Structures are given as structure tokens and as C-alpha cells.
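The values are calculated or read from the model by the stated rules, or taken from the named source; none is laboratory data. Everything quoted here is computed from the prediction, not taken from an experiment. With ideal geometry, Cβ positions are generated from the backbone for all residues, glycine too; neighbour counts draw on all protein chains shown.
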Amino acid sequence: MATHLADSNRDSAQAWDGEEGDYWSQNADRYERVVGNLRARLLHRAAITDGEQVLDIGCGAGRTTREAAALTPTGGALGVDLSRRMLERAAERAAAAGISNARFEQADAQVHHFDEVFDVAISQFGSMFFGDPVAAFTNIGNALTPNGRLVLLSWQPMERSEWSLALRQSLAAGRPLPDTAPSGPGPYAHADPDVVRRILTDAGFVDVTVDGVEDTSWFGVDADDAFGFVRGMSVTRSMLVDLDDATRTRALDALRATLVAHQRDDGVVFGSAAWLITAQRGV
Ligand SMILES: C[S@@+](CC[C@H](N)C(=O)[O-])C[C@H]1O[C@@H](n2cnc3c(N)ncnc32)[C@H](O)[C@@H]1O
């Protein structure tokens, strides 16, 4: 566990520094390919130049941290995350790639005291889980230089991403779709751009922009391969948990059929919709 953890993030830390983090670290390569097209948009918008110091919030297994570090050979990148397993994976992979200016630390970004200042803070789907988002972004802002940049990727509402809607529809097995309207921390906490603007403004950021980015997400070489990955995702596990055996089998058959329907020559592909959010620390 991170040594200094906000009370409002205890449940989240238990999940990410437990089962959830273990699953994502085991599937890091796959997950990074799923969001690869969106990641390219994030890094392009971050416009990192050599000499800059980058903070990667909720860096997971560290792909964005490594790519950011490579863009600033005489600067560096620090990835922070709650999950020890993902951070170990991140450090191993950076060492294997010969990237020596990427560092990783287990920390709750909401309350961690950063010892250095950063020119830019980025996050690929890692900044929607704060128990107190205004406190978290205030803390992150305090770690930025005046006019420092914040560039985030967060999910648009669930129904705007083809993959997310299709998986839930398959697994619903006749039940209404689970409510993913944002009401607290979670993958859809930034789904409403007005909420994001309010959080960042209250946290002292200025010039907040929220732009929609749509792209494709690759889930596997074929339906069987994609099924093995999707079967372990938390959305799948949570939607199967209350089902009796027969209904569970029906839901999984429907999931498999959906993956088959999205199989193309280059793999199983769905549409994805994210927000690319930018802001500047006020002076
Ligand atoms: C969906 S994963 C994204 C991981 C990574 N950015 C990627 O795209 O591969 C969300 C990450 O945010 C991290 N996270 C959640 N709350 C956090 C917090 N308060 N401080 C630091 N990291 C946090 C989780 O541990 C998890 O690794």
C-alpha cells in the first residue's frame, strides 16, 4: 500500500493494489494495445520537448511513462500509481527497454508530496478514481511549474464507446444495462465535460479544454483470443457475479458472439470514444 493514502481512496487502493492491479499487470501488453491509438493522441497533445520533467498519474504498467521519457532524453518522467504489481512491471519493462530516465513510485496522487516540479502532468485513464478529485488535482497542480500543462485521457460516457456498450449489452442477459452515469470515482467519473471543467477550475487550473477523440481499439487476434482477455475484465466479472449457471452460460455465449461479429482480418476491433482534456496550472 502507498504509505500516505487519503481515506477517500482506501477502497480504491485495496482494489488497485490487489486483484485489479494483478489482472492489469498480467494483461499489460494487451491493455496497452487496446488503447494504443488513443495513447498516441494523448502524447501528441502533451507535446513533450527535450529537457522537460513529466509526471504520469496512475501510470499502471508504465507504457505512457516510458514513451514520455523517450521524448525528453535530458529530462525525465515519474510514474506514480497505487498498484505495487503494476509498478514492478513498469520498472522491469523500462529497464528492459534501456530507458534510464523513467522512474516509478507507489503513491496516492491525491495526497503524495512531490519533491520535484514537473512541466507537464499526463494521465491515460488513470485520473478518474480519486475519492476527492478537487483535492487530487490541486495536489497535482501544486507539483507543476507555473503554467505547467495537464493532459488527460478519460472515457466518454459508456454508451459512446462501441466496445463498452457491446460488452455490457451481451452480458446483460435480459437485464437492464448497469448504470454507469458518473456519481463518484470510477472509469466514467469524467464522462460529463462540465464536471471535468468544474473539478479542474476548482483545483486552480485555467484554460480547460475537453475534446472528443474517437478511434479503434484492438481486443485480440481472433474472437477466442479476445474472449480470454475480456472474460477477466472487471466489467465482465461484475456482470456475471449474480447469475445462475444457465444465465451465465447464455451471457458468455452472447459475449462470444459479439466478439465474433467484430472479428476482421486484423483482429477483433471495436470503436472507442475518449475525452482529451487539457488545462494549465494557473499562476
Ligand atoms: C485504468 S488503469 C490505467 C493505467 C495506465 N495509465 C494505463 O493506461 O495503462 C488506472 C490506474 O490508476 C491508478 N490509480 C487509481 N487511483 C490512483 C491514485 N489515487 N493515485 C495514483 N494512482 C491511482 C490505478 O492503480 C491504475 O493503475
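Among the conditions (1) away from the ligand (no atom under 11 Å from the Cβ); (2) modelled with pLDDT of 95 or more; (3) of a type outside the set (Phe, Trp, Tyr), ARG89 misses just one, which is (1).
For region 183-199, a tally of residues being at pLDDT below 85 and under 20 Å from THR278 (Cβ atoms) returns 0. ASP244 falls short on exactly one of the conditions (1) touching a Leu at 6+ places or on another chain (Cβ under 9 Å); (2) exposed (fewer than 14 other Cβ atoms within 10 Å of the Cβ), and that condition is (1).
When each of SER8, SER12 is tested for being at pLDDT 95 or above and surrounded by 13 or more Cβ atoms within 10 Å (Cβ to Cβ), the lone residue that passes is SER8.
Could you check region 9-64 for helices (runs of 4 or more DSSP H) lying wholly inside it with 1 or more residues that are near the ligand (Cβ under 10 Å from one of its atoms), among the polar types (S, T, N, Q) and closer than 20 Å to PHE130 by Cα?
Of the helices (runs of 4 or more DSSP H) lying wholly inside region 9-64, those with at least 1 residues that are near the ligand (Cβ under 10 Å from one of its atoms), among the polar types (S, T, N, Q) and closer than 20 Å to PHE130 by Cα span 10-16.
Might you let me know whether region 104-121 holds any residue that is within 8 Å of the ligand (Cβ to nearest atom), in contact with a Ser or Thr (Cβ under 7 Å, 6 or more places away or on another chain) and over 21 Å from ASP7 (Cβ atoms)? No, there is no match, as no residue in region 104-121 is within 8 Å of the ligand (Cβ to nearest atom), in contact with a Ser or Thr (Cβ under 7 Å, 6 or more places away or on another chain) and over 21 Å from ASP7 (Cβ atoms). For ALA70, only one of the following conditions fails: (1) more than 12 Å from the ligand (Cβ to nearest atom); (2) under 25 Å from HIS113 (Cβ atoms). What is its number? So the condition that ALA70 fails would be (2).
Annotation note: Cβ proximity below 6 Å between a residue of region 242-256 that is part of a helix (DSSP H, G or I) and a residue that is hydroxyl-bearing (Ser, Thr, Tyr) (sequence gap 6+ or interchain) occurs for ALA254/SER170; LEU255/SER170.
All told, ALA6 falls short of being under 24 Å from LEU144 (Cβ atoms), in contact with a Cys (Cβ under 8 Å, 6 or more places away or on another chain), among the aliphatic types (A, V, I, L, M) and within 11 Å of the ligand (Cβ to nearest atom).
Candidates in region 91-115 are the residues that are part of a strand (DSSP E or B) and of a type in the set (A, V, I, L, M, F, W, C); of these, the one that is surrounded by the most Cβ atoms within 10 Å (Cβ to Cβ) is ALA102. Scanning region 76-86 for residues that are under 18 Å from SER123 (Cβ atoms) and either near the ligand (Cβ under 10 Å from one of its atoms) or part of a loop (DSSP other than H, G, I, E, B) (or both) turns up GLY79, VAL80, ASP81, LEU82, SER83, MET86. Looking across region 140-156, the residues that are at pLDDT 95 or above, out of contact with any Asp or Glu (no Cβ under 6 Å at 6 or more places or on another chain) and surrounded by fewer than 21 Cβ atoms within 10 Å (Cβ to Cβ) come down to GLY141, ASN142.
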